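The values are calculated or read from the model by the stated rules, or taken from the named source; none is laboratory data. Note that the structure is predicted; figures quoted are calculated from it, not measured. Using ideal geometry, Cβ is built from the backbone for each residue, glycine included, and neighbour counts are taken over all protein chains shown. Keep in mind that these areas ignore ligands, DNA and RNA; they rest on the heavy atoms of the full protein, side chains included. Shrake-Rupley method; radii C 1.70, N 1.55, O 1.52, S 1.80 Å.
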Amino acid sequence: MSFLTLDLNLLRVFDAVMTEQNLTRAAGHLAMTQPAVSNAIKRLRESLGDELLIRTAYGVKPTPRAEALWPAVRQALAALEAAVMPETFDVSKAQATFRMAMADATAALWLPSLMRSIEREAPGVNIRMVPLTTREPRPMLLRGDIDLAVGFFPGVAAQLSYETGSPIRHERLYSGVYVCVMRKDHPLAKEKLDLDTYCKANHLLVSFSGRAHGLVDEALAQIGRERRILLTVNQFFTAGRVVANSDLITVLPKHLMVSTGMTDALVWRELPFQLPAVHLDMLWHERDGRSPAHRWLRKNLESMAESAAPKTGARKVV
């Protein structure tokens, strides 16, 4: 294959399919028919001598050659786009609607500041919040159900740190610590919390899925201990209300205590065992990352993280 005879339009199609990981969605993005996209990929396969994309039940999976090729193709196309169509983005005139997924506690902390920024700088931008009911938001981003996810996604963030070829991008906004939370006049609030006392107490677990097993239970299992989870809830606000009015105790990120609306009725104690730090990560799809309005939104969230970081842990970009 000679580069001189390669149809460069095929690389635009390849980039779209790699971004969407789905032929039908790529066709929609390119304003082409799905058979035309399939034919273009077929021609590129023949030119490069590699399968490039393998069909799966959910779309297509890139081959190692495709994963190695895509960064160079994406960078070249982005450079050409910037040269041919210089950016003239005016946020005050932007018209955009973003669908964001966050847990209730994160939304309660971040949305007021974000709304002030929008009202002041971008009156044409709208936000639609979507319930975050999973620690794995990538399918929602791949399907285009949401434009941005903000939350604690430990497995996803770790995988994306070393994974190549994924269209999902991420940035660490800040890190915090877990603490044990209980009502102010709880019997355990008067003394240092030891492991035996902690395990004997009745516990509340914030679980998006309703599954009565979480990070704390994994940590306890490693040291041969367990606890009784009397109640699971799927909202931090509900957790604060219940704990403030019962003898249940719970584990929360320290920086999210204020979002329960019950800080005057609650106290926190250090945990009598080790837990990893809790990280707040921002995830988005490559297709949206090129949008100036989307970049403006992410920049605002980064600035909010800068303000929050001194109270919750150092911010780290990944």
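Observations on the model:
- A dipole drawn for the chain from +1 and -1 charges on Cβ atoms has a positive end, and of 197, 28, 301 the residue lying farthest that way is 197.
- Selected from 133, 19, 168, residue furthest toward positive end of dipole (the chain; charges at beta carbon): 133
- Of the residues 75, 110, 88, the one whose Cα sits farthest towards the positive end of the charge dipole of segment 63-166 is 110 (charges of +1 on Lys and Arg Cβ, -1 on Asp and Glu Cβ, taken about the Cα centre).
- Mean residue ellipticity, 222 nm, helices only, the chain: the sum of -39500 (n - 2.57) across DSSP H runs of n ≥ 4, divided by residue count and rounded to 500, is -13000 deg cm²/dmol.
- For segment 258-304 and segment 91-161, distance of Cα centres in Å: 10 Å
- For segment 184-203, backbone nitrogen atoms closer than 19 Å to the point 7 Å from residue 270 Cα along Cα-to-C-beta are found at 188-199.
- Accessible surface for residue 208 stands near 40 Å², nearest 10, in the context of the full protein assembly shown (1.4 Å probe).
- Taking the Cα atoms of the chain, the ratio Rg/Rh between the radius of gyration and the Kirkwood radius comes to 1.06.
- Per residue accessible area of the chain, 1.4 Å probe, in Å²: 51 Å²
- All Cα-Cα distances of segment 249-302, cut into 10 Å bins from zero to the largest, leave 16, 33, 24, 20, 6 percent in each bin in turn.
- Neighbourhood charge, 13 Å Cβ-Cβ cut-off, centred on residue 189 and excluding it, Lys, Arg +1 and Asp, Glu -1: +1
- Of the GluC sites (Glu not before Pro) found in segment 1-90, those that fall in a DSSP loop while having at most 16 other beta-carbon atoms within 10 Å are 51, 87.
- Just the protein heavy atoms count here, and of the accessible area of the chain at 1.4 Å, carbon and sulfur take up 53 percent.
- Once both labels are positioned 7 Å from their Cα atoms along Cα-to-Cβ, the gap between residue 161 and residue 290 label points is 3.0 nm.
- Label reach from residue 241 (point 7 Å along Cα→C-beta): in segment 262-295, amide nitrogens under 15 Å belong to 262-263.
- Distance (nanometres) between label positions extended 7 Å along Cα→Cβ at residue 228 and residue 12: 6.6 nm
- Screening the chain for whole DSSP H helices of 27 Å or more along their axis (Cα) with average Kyte-Doolittle hydropathy at least 0.0 returns 64-84.
- For the pair residue 36 and residue 72, the difference between a 0.36 nm per residue extended length and the Cα-Cα distance amounts to 10.6 nm.
- Distance-filtered residues of segment 33-74 - backbone nitrogen under 11 Å, label point 7 angstrom along residue 5 Cα→Cβ: 47
- Gain upon complete extension [residue 81, residue 209; 0.36 nm per residue less C-alpha separation]: 41.8 nm
- Here the dipole of segment 65-124 is about 80 debye; that uses its Cα centre as origin and unit charges on the Cβ of Lys and Arg (positive) and Asp and Glu (negative).
- Efficiency of FRET from Cβ geometry, residue 190 and residue 143, R₀ 45 Å, rounded to 0.05: 0.35
- Evaluated on segment 1-136, the Kirkwood hydrodynamic radius is 18.0 Å, with distances taken between all distinct Cα atoms.
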